[in-house]
Amino acid sequence: MKIVSFEMIRANLFPIIQIAGFHTEREVMRTLHAGATHVGFPLDLDVNKEDCSAKDVGTIVANNALEDRAVLITYAESVARLSHLLETTHCGVLQAHGNQSVSTLRELRILHPTLVVMKSIVIGAPNWQQVLDQYTSVVDVFITDTYDPVTGARGATGKTHDWNVSKTLCTTSPKPVVVAGGLTPKNVAEAITTIRPMASRILHS
């Protein structure tokens with residue numbers, strides 16, 4: 001199993017497989033041993049319930065030296081809160097959803113120089129195309145998600161989006177793209193074959 005470091009992500013040398021949503025340390029380690037390269041921990045969410053606390057995540061990450069492979073997934077928006085979560089969880093990768101500003105992410109990178117930053121692009125949401133232009137200078141990776149026009153939810157919908165849009169995004173984005181949004185063990189292989197992204201993410205349940 002390849003261990004993907006910060007520099008490998010930035011250089012886009014290897015595919016990344018990220019699984020998110022864990023309740024126990026055993027689940028995390030079994031997932032990594034099965035071949036996942038990264039594990040995601042959702043905290044400070046806008047709708048859904050957290051799977052475990054920030055303190056518990058920090059214990060899991062520290063006990064197993066997973067800093068380079070642990071992803072903080074969050075809608076938190078302030079520099080202070082984001083920095084606190086990063087310090088508590090020891091995650092080396094930030095997956096920023098929500099309305100974090102460019103200046104917030106830029107300041108956060110100054111406080112955490114080795115941090116890898118991923119920013120969500122919610123396919124189908126109003127003005128989603130602008131995210132690419134606005135955030136390219138402050139992120140290492142973009143990650144797709146799905147907009148639900150019925151509920152207005154921006155991500156965490158359990159629904160897929162138009163994979164042809166993601167495929168185009170992967171070929172035009174100046175930064176690597178992780179494909180997510182409604183992916184399951186049943187459709188992830190088809191998504192990867194269709195889109196050819198640098199990575200994919202499945203929500204563990």
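The values are calculated or read from the model by the stated rules, or taken from the named source; none is laboratory data. This one's a predicted model, so the numbers in the text were calculated from it and none came from an experiment. Cβ atoms come from the backbone with ideal geometry, glycine included; neighbour counts cover every protein chain shown.
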*Check the range 22-35 and report whether any residue there is farther than 22 Å from residue 114 by Cβ and either of a type in the set (Val, Ile, Thr) or in a strand (DSSP E or B) (or both).*
yes
_Just to be sure I understand, how many residues within the range 34-58 are touching a residue at least 24 places away in the same chain (Cβ under 8 Å) and surrounded by 15 or more Cβ atoms within 10 Å (Cβ to Cβ)?_
14
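Per-residue answers, yes or no, for (1) out of contact with any Lys or Arg (no Cβ under 7 Å at 6 or more places or on another chain); (2) farther than 15 Å from residue 21 by Cβ:
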| site | (1), (2) |
| --- | --- |
| 36 | yes, no |
| 45 | yes, no |
| 60 | yes, no |
| 69 | yes, yes |
| 80 | yes, yes |
| 83 | yes, yes |
| 101 | yes, yes |
| 107 | yes, yes |
| 117 | no, yes |
_I'm told residue 71 meets every condition in (1) assigned to a helix (DSSP H, G or I); (2) among the aliphatic types (A, V, I, L, M); (3) in contact (Cβ under 8 Å) with a residue 40 or more places away in the chain except one. Can you identify the failing condition by its number?_
(1)
*Please identify the pairs in which a residue from the range 152-179 that is surrounded by fewer than 15 Cβ atoms within 10 Å (Cβ to Cβ) has its Cβ atom under 9 Å from the Cβ atom of a residue that is at pLDDT below 75 and assigned to a helix (DSSP H, G or I), counting only partners at least 6 apart or on another chain.*
164/194; 164/195
*Considering each residue of the range 122-168, count those that are assigned to a strand (DSSP E or B), modelled with pLDDT under 75 and either within 17 Å of residue 102 (Cβ to Cβ) or of a type in the set (A, V, I, L, M, F, W, C) (or both), and give that number.*
0
*Residue count for the range 36-56, restricted to those that are assigned to a strand (DSSP E or B) and within 16 Å of residue 76 (Cβ to Cβ)*: 4
_Unmet requirement for residue 74, which otherwise passes all of (1) among the polar types (S, T, N, Q); (2) in contact with a Leu (Cβ under 8 Å, 6 or more places away or on another chain); (3) over 23 Å from residue 37 (Cβ atoms)_ = (3)
_Verdict on residue 10 being surrounded by fewer than 16 Cβ atoms within 10 Å (Cβ to Cβ), modelled with pLDDT under 95 and within 20 Å of residue 180 (Cα to Cα)_ = yes
*Scan the range 97-121 for residues that are part of a loop (DSSP other than H, G, I, E, B) and in contact (Cβ under 8 Å) with a residue 40 or more places away in the chain and jot them down.*
97, 98, 114
_Please go through the range 74-87 and give me each residue that is within 27 Å of residue 31 (Cα to Cα), free of Cβ contacts under 8 Å to residues at least 40 places away in the same chain and aliphatic (A, V, I, L, M), ordered by number._
76, 82, 86
*asked:* Take the conditions in contact with a helix residue (DSSP H, G or I) (Cβ under 6 Å, 6 or more places away or on another chain), of a type in the set (Ser, Thr, Tyr) and at pLDDT below 80 and apply them to residue 194. Does it pass?
replied: yes
*Find the residue count for the range 62-97, including only residues that are of a type in the set (Asp, Glu) and closer than 19 Å to residue 50 by Cα.*
2
